[in-house]
């Protein structure tokens, strides 16, 4: 083995040791401060919400959902199946969110 090969092996060994002893603990410390990704409105599909207002004869009203610790109100429309059955939603009732339209801040809900 020549001097160049020994120098290469030594440099490789020092690099691996540096990575394990210095760089890895610093990266682990930095990543402990990373926050979890924020939830989007689409994440409430299949969750429960609470009716803020009683739904009108067209099956529309306001609901409130908990989104990442924040209460968000949405305009909700009762599903066509529930409207056909004549289901009524009053303020305080729980509903299941079936679909969300994020562009209009609206959703479709079903009676639980």
Quiz item: So which of 103, 76, 64 ends up being within 11 Å of residue 49 (Cβ to Cβ) and free of Cβ contacts under 8 Å to residues at least 24 places away in the same chain?
Solution: 64
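For every residue, the table says whether it meets (1) touching a strand residue (DSSP E or B) at 6+ places or on another chain (Cβ under 6 Å); (2) at pLDDT 95 or above; (3) assigned to a loop (DSSP other than H, G, I, E, B); (4) surrounded by 13 or more Cβ atoms within 10 Å (Cβ to Cβ).
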residue: 6; (1), (2), (3), (4): no, no, no, no
residue: 19; (1), (2), (3), (4): no, yes, no, no
residue: 28; (1), (2), (3), (4): no, no, no, no
residue: 34; (1), (2), (3), (4): no, no, yes, no
residue: 43; (1), (2), (3), (4): no, no, no, yes
residue: 63; (1), (2), (3), (4): yes, yes, no, yes
residue: 72; (1), (2), (3), (4): yes, no, no, yes
residue: 77; (1), (2), (3), (4): yes, yes, no, yes
residue: 96; (1), (2), (3), (4): yes, yes, no, yes
Quiz item: Which condition does residue 89 not pass, out of (1) assigned to a loop (DSSP other than H, G, I, E, B); (2) out of contact with any strand residue (DSSP E or B) (no Cβ under 8 Å at 6 or more places or on another chain); (3) surrounded by 11 or more Cβ atoms within 10 Å (Cβ to Cβ), if it passes all the others?
Solution: (2)
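The values are calculated or read from the model by the stated rules, or taken from the named source; none is laboratory data. Fair warning: this is a prediction, and the values are worked out from it, not measured in the lab. When we count neighbours, we look across all protein chains shown, and the Cβ atoms used for this are built from the backbone with ideal geometry, even at glycine.
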